[in-house]
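Report on the following structure.
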Amino acid sequence: MKNKKYIYIALAISIILTGGFISYKKYNSYLDSGLYGKPLKQINADKILPYDKQITSKIAVIDTGVKLDNTFLEKSIIKQEYTDQMSQSSQQSHGTMVTGILTSNGNGHSGPGGLIPKSNILSIQTGTDLGMSSKQLIQAINIAIDNNVKIINISLGTTKDSPELQTVIKKALEKDITIVASAGNNGNSINYYPAAYEGVISVGSINEKKEISNSLNLSNINIFAPGENLLTTTANKKEQDYFTGNSAATPVITSIVAVMITENPNLTNSDIKSILVSSADTKTYKSNEIKIVNLKNALKKASIKNQKA
């Protein structure tokens, strides 16, 4: 066990690294039917999301897997892969909640509605809700590369820098894969990987007042998105509940990236990161300038980029 690096998944009952708390609040007017209310208005996306076109890019969700028999995911196109020692019987709650924000097929009233319901998801189960090794994460990224995905969502991470992890991240970026990763909430001086690696889009969460949800290393966060009390799918009998934290905000950004690529397939991963940041709304928080995603502005810049290409 010595020197083994573990990546801890966000849990409501433990010390949370990604900020992915499972919240059991009752209906909250802030949500205005799940994701379709104020959270989308905050980021100038309420006229665009949920996106009604077919997403053209395959998206890998590297997490704890997905409970495929959830009522609100049955119509979604989800393929499940497993890293070593994983099976469909393993815990899948965190991954199911992350995936539901992307592609659940409720309408926001009868159940959680995903932001990009017409999408092709590759779920790579690489651990349980209790954790996983860095070796498993590296294997999962390689599986994503081998499956020719265009986007990778990683709503987890570690405070341990790993040369092997950095190498596989670089490999994915060189293949023009866009990597969207959750930032940690371990304080203002701690880096979180893979979010802190160059080229990765690092995501933080804001609340209904556009306030930062957690104590974060702001210097390493590229973009913020709504991530508090988002209605999504669960792996338990309830099938739906609220999800809070950077883990929840990350698939919001992944959805936006998928829409950008669908609207302009010529965008590179560096284009996407640059456009997200340059088109974002700027806010000052504790003397730090933060960027809050603005989907309408991002799509406008993506369109201009297409015309110049």
Length gained when the stretch Ile304-Thr56 is fully extended (0.36 nm per residue, less Cα-Cα span): 87.3 nm
Cα centroid of the range 46-62 to Cα centroid of the range 214-279, whole Å: 12 Å
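Around Thr71, what is the net charge, scoring Lys/Arg as +1 and Asp/Glu as -1 over all other residues with Cβ under 15 Å from its Cβ? Can you show the working numbers first?
Numbers: positive: Lys67, Lys75, Lys237, Lys238; negative: Asp69, Glu74, Glu239, Asp241.
Once all neighbours under 15 Å are counted, the net charge is 0.
Between Lys75 and Thr167, what length in nm is gained on full extension when 0.36 nm per residue of separation is reduced by their alpha carbon distance?
Values: separation 92, 0.36 × 92 = 33.12 nm, distance 3.58 nm.
Gain on stretching Lys75 to Thr167: 29.5 nm.
Can you work out the FRET efficiency for the pair Asn207 and Asp281, with r the C-beta to C-beta distance and R0 = 22 Å, to the nearest 0.05?
Working: r = 15 Å, r/R0 = 0.69.
For R0 = 22 Å, the calculated efficiency reads 0.90.
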Modelled FRET efficiency - R0 35 Å, Asp146 with Ile190, Cβ distances, 0.05 increments: 0.65
Asn236-Glu174 FRET efficiency (beta carbon distance; Förster radius 41 Å; 0.05 resolution): 0.55
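Which of the peptides 160-166, 93-99 is most tightly packed, and how do the rest follow, judged by the mean count of other Cβ atoms within 10 Å per residue?
Values: 160-166: 14.7, 93-99: 29.0.
Averaged packing, sorted descending, gives the order 93-99, 160-166.
Bear in mind that the values in this text are calculations on the coordinates, not laboratory data. Not measured: the values here are computed from a predicted model. All Cβ positions, glycine included, derive from the backbone under ideal geometry; neighbour counts span all protein chains shown.
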